Amino acid sequence: MITEKTKAQPLDGAVVAARIKDEVAGQVEAMAQTRDYRPCLAAVRVGDDPASAVYVRNKIKACEEVGIRSEHHALPESTTTEELLNLVNSLNVRDDVDGILTQLPLPRGIDETTIIEAIDPSKDVDGFHPINAGKLAMGRPVFVPCTPAGIIELLDFNAIEIRGLNACVVGRSQIVGRPMAQLLLQRDATVTICHSRTRDLAAGTREADLLVVAIGRAGMIGREHIKPGAIVVDVGMNKISEEQEVHALFGDAAEKRLEVVAKRGYTLVGDVHPAEASEVAGMLTPVPGGVGLLTVAMLMKNTLKAATLKHGLNP
Ligand code: GUN
């Protein structure tokens, strides 16, 4: 008997990101009309990391799309912690700046923690300051890191009931893994966190009705890690260019991806093995086109929130 393999339903980030940005644009316009004020985001980038340059450019472009003012501060690789602190402090005290972000990773010579802790928590639209991380951990979130916040929006948009699910987060970074676990806990999921020292990764992930993966290793989560029918959210964004690797990861879709490699020199793949996961999972976020787009949309939402709170309004 020939049985047709059913493929996981793709969870499309583009639709949700567009919806969030539309909402933000409407509220920004209303603020401009009623308060004669437009929110402003200051994005700071240090050094020559090409990926960071792309990310910051996308953030500035999103600001333009939703009517938020923006400033792009690009500093040289040789910038010292003190020089960057001076810039952050000058942005902290400016009344016309609502949100401040420093694109990570910062160059090795700069003390990242010192910089993150210097940002005024009321302008910390990335949600990385310990005050904001602490409030989230206490169940009283104000500014929540954009990627995990976007994942919650994606699940809500698709009417996925989080309450009571067994959720597994793979990765424990300050940017994604930890805040993701906190948000899922706040929504009454039973949360497990797995990481690089977890003894039996597959045993942990296979229990999960909802699996969120943020580890930064191309295609590492395969068939054996996924509970049949699970909702799988792939936060990874890895560049690959080897033909063999493209075939191994994409199966039937490899030819299309190889065309992308021929054109750009690489194709993007998440931390989840796309061909294997699509045969086991019930729902799966694509890479690209999944979580990545939501991060920028949520940054817009956080920047509007910072401006709204500054005006003493309810966000
Ligand atoms: N680097 C990777 N993700 C992020 C993010 O969400 N914000 C900042 N500032 N840097 C990052």
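Computed from the coordinates by the stated procedures, all read-outs in this text should not be read as laboratory data. Owing to the predicted nature of the structure, the values given are computational and were not obtained by experimental measurement. Positions of Cβ are generated from backbone atoms using ideal geometry, with glycine treated the same way; all protein chains shown enter the neighbour counts.
For the reader, a short list of remarks on this structure follows.
- Segment 41-64 residues that are among the basic types (Lys, Arg), paired with ones that are near the ligand (Cβ under 10 Å from one of its atoms) and assigned to a helix (DSSP H, G or I) (beta carbon under 7 Å, 6 or more apart): Arg45/Ser52; Arg45/Val56; Lys59/Val296; Lys59/Leu299
- Checking each residue in segment 200-209 for being surrounded by 15 or more Cβ atoms within 10 Å (Cβ to Cβ) and over 15 Å from Asp271 (Cα atoms) picks out Gly204, Arg206, Glu207, Ala208, Asp209.
- Residue that is farthest from Ala133 (Cα to Cα) [pool: residues in segment 163-177 that are surrounded by fewer than 19 Cβ atoms within 10 Å (Cβ to Cβ) and in contact (Cβ under 8 Å) with a residue 40 or more places away in the chain]: Asn166
- Of all residues in segment 106-134, those that are closer than 16 Å to Ala42 by Cβ have Cβ atoms under 8 Å from Cβ atoms of residues that are surrounded by 20 or more Cβ atoms within 10 Å (Cβ to Cβ) and of a type in the set (Lys, Arg), 6 or more apart or on another chain, in Val125/Lys305.
- Counting only residues that are more than 18 Å from the chain's Cα centre (by Cα) and buried (at least 18 other Cβ atoms within 10 Å of the Cβ), segment 123-134 holds 1 of them.
- Pair list, Cβ < 7 Å and 6+ apart or interchain, from segment 81-100 residues that are among the acidic types (Asp, Glu) to residues that are in a helix (DSSP H, G or I): Asp98/Lys123; Asp98/Thr303; Asp98/Ala306; Asp98/Ala307; Asp98/Lys310
- Arg197 passes every criterion in (1) free of Cβ contacts under 8 Å to residues at least 24 places away in the same chain; (2) surrounded by 17 or more Cβ atoms within 10 Å (Cβ to Cβ) apart from (2).
- Yes/no for Arg178 being within 16 Å of the ligand (Cβ to nearest atom) and in contact with a His (Cβ under 8 Å, 6 or more places away or on another chain): no
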